[in-house]
Amino acid sequence: MAIRKRIFGAVGVVAAGALTLGLAGCAGGSDEENSSEPVVDGMTTVGFVAVGPEGGWRNANEQAVKDTFSNAAGFELKYAPAASPSDQQSQLDAFATFVNEKVDVILLTATEASGWEDSLKLAKAAEIPVILLDRGVEAGEDLYVTRIAPDNYKVAYSVGSWAVDTFPEGAKYFVLEGVPGLSVVTERNEGFDAIVSAVPGFTKVGAQTANWSTEEGKSVIDAVLEANDNDIQFIFAQNDEMGIGAAQAVTAAGLVPGTDVKIATIDGTRGALTALAAGELSFVAQYNPFFGDVVFDVVSKTLRGDAVQSNISVESATFDSAEAARAALDAGLGF
Ligand code: AHR
């Protein structure tokens, strides 16, 4: 496998380099050989086809990846955020560039689930392993090494089981969805519906995307409350930012968030935990962004040629009260 050969080559070089350095140390040698800077050709190049600025969760996750694949750790990370959170073409272009540059491994967080087959086949032909972060793609599992993410179905199922416990008689509810066409949106709906749709008394008034944004979360719920004469008891927001927008809409309608309308969200940002501590949100399911170490482990194993599970899920927590939120904030769990 070219990569292993190159890596092996690089390792050889480093060892030789180190050796040279050692000798050079003894025998003098050039400035470059004696510098403490890692030898560039000994670096493992990682191409990160990322989403870029999109909210609290995205910032935390992409920073965790950047912190992990540092120069000091022997990596050259090429970070390519999308032109916008829904601009797939810029991601496809960055992916193709990484294949042409013969990076050692590609990390991909897709802005869309479909449209990746050809790119993945190109990488496979070039023997460049691809590791999916957070979001899945509609392509054969033989075209990528693994997907690393918290289990979206399980995380959303925890929201559903909280709702069933909280509303034993059922409730009229609305769902704020993330960007359409994403695996996480589908998986979160499946996990939530798996438990709520089986319980009598739960009436789904509707669902609409708010594109992960607070502003859109507010404007969608403004319209929903008006259209339903404020007769909504529960809102499931697929991420924190939209949920915080929903709470603003509930307040603007003269209702009390957490009392008249209960709101549950997914992510676990500092903003959401603070709103939960204040009683404006009622439940927050963490979608743990801190899995840089897991990605590092998978990259190392893959480049060594070791086998890796085809799906790796990252553990996440849930917060169901103001006390739990305060404890989480004190423990620095918010991001
Ligand atoms: O793909 C994960 C989702 O993307 C997060 O839940 C959301 O906040 C982000 O924008």
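The values are calculated or read from the model by the stated rules, or taken from the named source; none is laboratory data. From a predicted model like this one, the values you see are computed outputs, not experimental measurements. Note that each Cβ is placed from the backbone with ideal geometry, even for glycine, and that neighbours are counted across all protein chains shown.
Remarks
- Taking residues in region 178-196 that are hydroxyl-bearing (Ser, Thr, Tyr), and partners anywhere that are more than 8 Å from the ligand (Cβ to nearest atom), the pairs with Cβ atoms closer than 6 Å and at least 6 places apart or on different chains are Ser183/Ala113; Ser183/Gly136.
- Check on Glu280, within 24 Å of Ala328 (Cα to Cα), touching a Ser or Thr at 6+ places or on another chain (Cβ under 9 Å) and either part of a loop (DSSP other than H, G, I, E, B) or without any contact (Cβ under 8 Å) to a residue 24 or more places away in the chain (or both): yes
- Given (1) buried (at least 19 other Cβ atoms within 10 Å of the Cβ); (2) farther than 25 Å from Leu133 by Cβ; (3) out of contact with any strand residue (DSSP E or B) (no Cβ under 6 Å at 6 or more places or on another chain), number of the condition Phe234 does not satisfy: (3)
- Index of the failed condition, Glu54 passing every other in (1) within 12 Å of the ligand (Cβ to nearest atom); (2) surrounded by fewer than 20 Cβ atoms within 10 Å (Cβ to Cβ); (3) touching a residue at least 60 places away in the same chain (Cβ under 8 Å): (2)
- For Thr214, the criteria (1) under 21 Å from Ser158 (Cβ atoms); (2) within 30 Å of the chain's Cα centre (by Cα) hold in every case but one, which is (1).
- Hits in region 58-82 - residues which are of a type in the set (A, V, I, L, M, F, W, C), surrounded by fewer than 23 Cβ atoms within 10 Å (Cβ to Cβ) and within 16 Å of the ligand (Cβ to nearest atom): Ala60, Ala64, Val65
- Some residue of region 253-269 being modelled with pLDDT of 95 or more, under 25 Å from Arg326 (Cβ atoms) and part of a helix (DSSP H, G or I): no
- Residue in region 287-306 that is within 30 Å of Leu225 (Cα to Cα) and either out of contact with any Lys or Arg (no Cβ under 7 Å at 6 or more places or on another chain) or more than 14 Å from the ligand (Cβ to nearest atom) (or both) present: yes
- Restricting attention to region 241-270 and to residues that are closer than 18 Å to Gly334 by Cα and of a type in the set (D, E, K, R), the residue that is surrounded by the fewest Cβ atoms within 10 Å (Cβ to Cβ) turns out to be Arg270.
- On the stretch given as region 105-162, residues that are basic (Lys, Arg) and crowded, with 20+ Cβ neighbours inside 10 Å total 2.
- Qualifying residue in region 93-100 (condition: among the polar types (S, T, N, Q) and modelled with pLDDT under 95): no
- For the condition surrounded by 22 or more Cβ atoms within 10 Å (Cβ to Cβ), part of a loop (DSSP other than H, G, I, E, B), in contact with a Gly (Cβ under 7 Å, 6 or more places away or on another chain) and at pLDDT 95 or above, Leu273 does not qualify.
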